[in-house]
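Undergrad: Here it is: the structure, laid out below.
The values are calculated or read from the model by the stated rules, or taken from the named source; none is laboratory data. These figures come from a predicted structure and were not determined experimentally. Cβ sites come from the backbone with ideal geometry, for glycine too, and all protein chains shown count toward neighbours.
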Amino acid sequence: MNGTALPILYRDDWLVVVDKPAGLLVHRSPVDARETRFALQMLRDQLGRHVYPLHRLDKGTSGALVFALDPATARDLSEAFAGAEVGKWYLALVRGWPDECGEIDHALRPVEDDVLPATGRPPQSARTDYERLETFEIPHRVDRYPSSRYALLRLRPRTGRRHQLRRHLAHLSHPIIGDSTYGKGAHNRLFARLYDVRRLMLACVRLELPHPVTQQRLRVDAPLAEEFAAVLRALGSGSRC
């Protein structure tokens, strides 16, 4: 990422929503112990005050990320996130052509250390709605066919499990491009070679949440990161997302 300031999508006296770039952790993690830059610390230094993260975006995911500006707001909005009162919408570029729309209802085991499912803990219910926005076919063989198919999806998680979208799309056999953990290496390498893809092709593009003071629905949209949009243009996308 360029510069040291996080783009601010929305701010008032109680909360702030920033546009997190891909490749930036929200906070310290034992999985990336060598990392020295975190959205939490950057925003704290940028605003000159304490901030309180309310949810997560994986390191490779870009888009809208919410912080509270005081403990009471953090408590109230944390309850809203836990109670599924917050709407989250993502865009993802995936392998293959899924159905035009559907629901993925597939329980997931809790994830430890961002990588491995926790042993001995039962799966938790997990639901994701999806809509297929566009399809692409490129003349490059990856599997047994002479061409390869991909799709742009709009995703709305109805639950908030760790790595839910990435794991659900892998379960559907339509993994997200650029996902080195749950994805397909051959397709990831193809996109790296053809389009210089060095990130997970997943972005949080909209949040809707109850404002902690007015209780009115607050909608915040995040622009699609340029490196994501550039891949879609190269594929011939006509989407305005």
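Undergrad: Go through (1) more than 27 Å from residue 125 (Cβ to Cβ); (2) under 15 Å from the mean Cα position of the chain (by Cα) one by one and return the number of the condition residue 157 breaks.
TA: Against the list (1) more than 27 Å from residue 125 (Cβ to Cβ); (2) under 15 Å from the mean Cα position of the chain (by Cα), residue 157 comes up short only on (1).
Undergrad: Another one. Residue 213 is checked against (1) assigned to a helix (DSSP H, G or I); (2) touching a Phe, Trp or Tyr at 6+ places or on another chain (Cβ under 8 Å); (3) loosely packed, with under 14 Cβ neighbours inside 10 Å and fails just one. What number does that condition carry?
TA: That leaves (1) as the condition not met.
Undergrad: Of the conditions (1) surrounded by 17 or more Cβ atoms within 10 Å (Cβ to Cβ); (2) basic (Lys, Arg); (3) more than 21 Å from residue 83 (Cβ to Cβ), residue 193 satisfies every one except a single condition; which number is it?
TA: (1)
Undergrad: Of the conditions (1) of a type outside the set (D, E, K, R); (2) out of contact with any strand residue (DSSP E or B) (no Cβ under 8 Å at 6 or more places or on another chain); (3) under 30 Å from residue 107 (Cβ atoms), residue 230 fails just one. Which one is it?
TA: The one condition residue 230 does not meet is (3).
Undergrad: When only residues in the stretch 63-83 that are part of a strand (DSSP E or B) and within 20 Å of residue 165 (Cβ to Cβ) count, which is farthest from the chain's Cα centre (by Cα)?
TA: 66
Undergrad: Follow-up question, since we're still on this one. Determine whether the stretch 222-236 contains at least one residue that is surrounded by fewer than 21 Cβ atoms within 10 Å (Cβ to Cβ) and at positive phi.
TA: Yes; the residues of the stretch 222-236 include at least one that is surrounded by fewer than 21 Cβ atoms within 10 Å (Cβ to Cβ) and at positive phi.
Undergrad: Just for the stretch 70-86: of the residues that are surrounded by 15 or more Cβ atoms within 10 Å (Cβ to Cβ) and small (Gly, Ala, Ser), which one is farthest from residue 124 (Cα to Cα)?
TA: Step by step, filter the stretch 70-86, then rank; the result is 74.
Undergrad: Scan the stretch 87-94 and tell me whether some residue there is in contact (Cβ under 8 Å) with a residue 60 or more places away in the chain, within 15 Å of the chain's Cα centre (by Cα) and surrounded by fewer than 19 Cβ atoms within 10 Å (Cβ to Cβ).
TA: Scanning the stretch 87-94 turns up at least one residue that is in contact (Cβ under 8 Å) with a residue 60 or more places away in the chain, within 15 Å of the chain's Cα centre (by Cα) and surrounded by fewer than 19 Cβ atoms within 10 Å (Cβ to Cβ).
Undergrad: Would you point out the residue of the stretch 184-241, among those that are polar (S, T, N, Q) and modelled with pLDDT under 95, that is farthest from residue 15 (Cα to Cα)? I'd like the intermediate steps shown before the answer.
TA: So in the stretch 184-241, the residues polar (S, T, N, Q) come out as 188, 214-216, 237, 239.
Those still in the list that are modelled with pLDDT under 95 too: 214-216, 237, 239.
Values: 214: 12, 215: 13, 216: 14, 237: 35, 239: 31 Å.
The qualifying residue farthest from residue 15 (Cα to Cα) is 237.
Undergrad: Hey, another quick one. For the stretch 187-210, give me each residue that is of a type in the set (A, V, I, L, M, F, W, C), touching an Asp or Glu at 6+ places or on another chain (Cβ under 9 Å), under 30 Å from residue 141 (Cα atoms) and not in a loop (DSSP other than H, G, I, E, B).
TA: 202 - this is the single residue of the stretch 187-210 that is of a type in the set (A, V, I, L, M, F, W, C), touching an Asp or Glu at 6+ places or on another chain (Cβ under 9 Å), under 30 Å from residue 141 (Cα atoms) and not in a loop (DSSP other than H, G, I, E, B).
Undergrad: While we're looking at this one, here's another question. I'd like the full set of residues that are of a type outside the set (A, V, I, L, M, F, W, C) and either outside any loop (DSSP other than H, G, I, E, B) or exposed (fewer than 15 other Cβ atoms within 10 Å of the Cβ) (or both), limited to the stretch 44-62.
TA: Result: 44, 45, 46, 48, 49, 50, 52, 53, 62.
Undergrad: Counting only residues that are among the hydroxyl-bearing types (Ser, Thr, Tyr) and within 16 Å of residue 152 (Cβ to Cβ), how many does the stretch 168-195 have?
TA: Residues that pass the stated criteria total 1.
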